[in-house]
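Student: Below you'll find the structure I mean.
Computed from the coordinates by the stated procedures, all read-outs in this text should not be read as laboratory data. Quick caveat: nothing in here was measured; it's all calculated off a predicted structure. Counting neighbours? That spans all protein chains shown, and the Cβs are built from the backbone with ideal geometry, glycine included.
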Amino acid sequence: MRARVSRALVASAVVTGALAFPFPATAAQAGAEDGPTVRELLEKCDNGTDSCVFHPQGEPEYFTGEAHQVGDPVYNCTSSQQRSSVNWSDTTSQSNSVGLSMTTEAGFGKVFAVSYEQAYEHKWEESHTEAQTTFVDTNPNQVGWVQRAPQMQKVKGTYELHFPDKFHDHYIWYVDLEVTGPAPDSSSAVSQHTRDMSEEEQANCP
């Protein structure tokens, strides 16, 4: 048993996953030959457990998401400067470190949302959609477009799952998870850009 515990502790230092602690406390790496996968554990959250709780670790990490084009580009095929309106809508959605689909309506997604709200005193948004009209100025033979960089947050924590009967030889399992989603203040950096049209693009002008 001592050798098994040592191997698990070494694995947990390099692999983000789940750890199990029975009574008395020992450790086993989730996903090993004799253990469940992270997916199997999270799918059991409130679906075969006595209790399932997410414990946030520290404060959310806020950051600006990757800038990307929104709306259609505009082409100035005239001989004078133009101001064009670009209507766009862009949705930012949540994701997590294990690539599982999660919804706040049920299962481990709902547990996460409830724990997040209790810890940080505001609701978790699965997704946020922003829509507006942005004006872009272009010179003759230029292309203009709009970019958006959404405000995001990253939350780290651990799920604690208690089973009424042993699940893969353990009553209690812990699953580490990192969740990324829209920030509470879902404002974004919106910018306008221009460049000269290519010869091919100029040839397509009416």
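Student: So what's the gap between the Cα centers of region 103-142 and region 143-157, to the nearest angstrom?
Tutor: 10
Student: Shifting gears a bit: When you count, for each residue, the other Cβ atoms within 10 Å and take the mean per peptide, how do 130-138, 193-201 rank with the highest first? Working shown, then result.
Tutor: Values: 130-138: 15.8, 193-201: 12.3.
In descending order of packing, they fall as 130-138, 193-201.
Student: Ratio to report: Rg/Rh of region 85-160, with Cα atoms as the point set and Rh obtained by the Kirkwood method; give two decimals.
Tutor: Details: Rg = 18.0 Å, Rh = 15.4 Å.
Rg/Rh: 1.17.
Student: Would you report the distance distribution of C-alpha pairs in region 37-121 as whole percents per 5 angstrom bin, up to the bin with the largest distance?
Tutor: 3, 10, 15, 16, 13, 9, 8, 6, 6, 5, 4, 3, 1, 0, 0
Student: Contour minus end-to-end for LYS166 and GLU59, with contour as 0.36 nm per residue of separation and end-to-end as the Cα-Cα distance?
Tutor: Working: separation 107, 0.36 × 107 = 38.52 nm, distance 3.32 nm.
Using 0.36 nm per residue and subtracting the Cα-Cα distance, I get 35.2 nm.
Student: I need the P(r) histogram for region 112-200: all alpha carbon pairs, bin width 10 Å from 0 out to the longest distance, whole percents.
Tutor: Taking all Cα pairs of region 112-200, the binned fractions are 13, 27, 21, 17, 12, 7, 4, 0 percent.
Student: I've got another one for you. Binning at 10 Å from 0, report for region 51-206 what percent of all alpha-carbon pair distances ends up in each bin.
Tutor: Taking all Cα pairs of region 51-206, the binned fractions are 10, 29, 22, 16, 12, 7, 3, 0 percent.
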